[in-house]
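Structure, as structure tokens:
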Amino acid sequence: MPVTLAELKQAHAELEAALLALEALTIDPVLDEPRVAAARVRLSRASAHRRKLSDLAAMELLDTVRSAEADSLRALRERNAAQIQASSQHIGAWGLRQITADWPGYCRASVQVRAAIRALVKADQDTLYPLLR
């Protein structure tokens, strides 16, 4: 079954909620380890779901669009692939032990990751929303 605009919008809303939950925790000067761990899991799942829908929608649309749109879809998939690597590096660098040892450092690093994820959502909106309407 093809990806719908409503599904992608729902995935984006769930991802933004997960981003906001982690953001709320990172403004606190004191680490709440169980809540941060849960927020990271929620964010990882929401991000993976968005990426899955984004990639699937792009693949489904590739054969039905003009050349310039196809280029944009391929570029979106490449950005998604690059984000997988960046997220893996971030998660590897910031395990719970490292977060506990340097909570302020994690909070700063988290800002960059959240911005990158939001940029991917914007790319989905700019590239996929018009084609899924």
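No value in this document is a laboratory result; all are computed from the given coordinates. What you are looking at is a predicted structure, and each value in this text was computed from that prediction instead of being measured. No Cβ is skipped: glycine too gets one built from the backbone with ideal geometry, and neighbour counts run over all protein chains shown.
Could you tell me whether the range 65-77 includes any residue that is within 17 Å of the chain's Cα centre (by Cα), surrounded by 18 or more Cβ atoms within 10 Å (Cβ to Cβ) and under 22 Å from A17 (Cβ atoms)? Among the residues of the range 65-77, not one is within 17 Å of the chain's Cα centre (by Cα), surrounded by 18 or more Cβ atoms within 10 Å (Cβ to Cβ) and under 22 Å from A17 (Cβ atoms), which makes the answer no. Residues in the range 115-126 that are within 15 Å of K9 (Cβ to Cβ) and either without any contact (Cβ under 8 Å) to a residue 60 or more places away in the chain or in contact with a strand residue (DSSP E or B) (Cβ under 7 Å, 6 or more places away or on another chain) (or both): K122, A123, D126. Between Q98, Q83, the distinction of being surrounded by 14 or more Cβ atoms within 10 Å (Cβ to Cβ), closer than 30 Å to V30 by Cβ and free of Cβ contacts under 8 Å to residues at least 12 places away in the same chain belongs to Q98 only. Scanning the range 1-49 for residues that are surrounded by fewer than 19 Cβ atoms within 10 Å (Cβ to Cβ), β-branched (V, I, T) and closer than 17 Å to I91 by Cα yields a single hit, V41. In the range 107-114, is there at least one residue being without any contact (Cβ under 8 Å) to a residue 40 or more places away in the chain, loosely packed, with under 12 Cβ neighbours inside 10 Å, over 20 Å from P29 (Cα atoms) and not aromatic (F, W, Y)? No.
Among the residues of the range 15-29, is any under 18 Å from V121 (Cβ atoms) and free of Cβ contacts under 8 Å to residues at least 12 places away in the same chain? Among the residues of the range 15-29, at least one is under 18 Å from V121 (Cβ atoms) and free of Cβ contacts under 8 Å to residues at least 12 places away in the same chain, which makes the answer yes.
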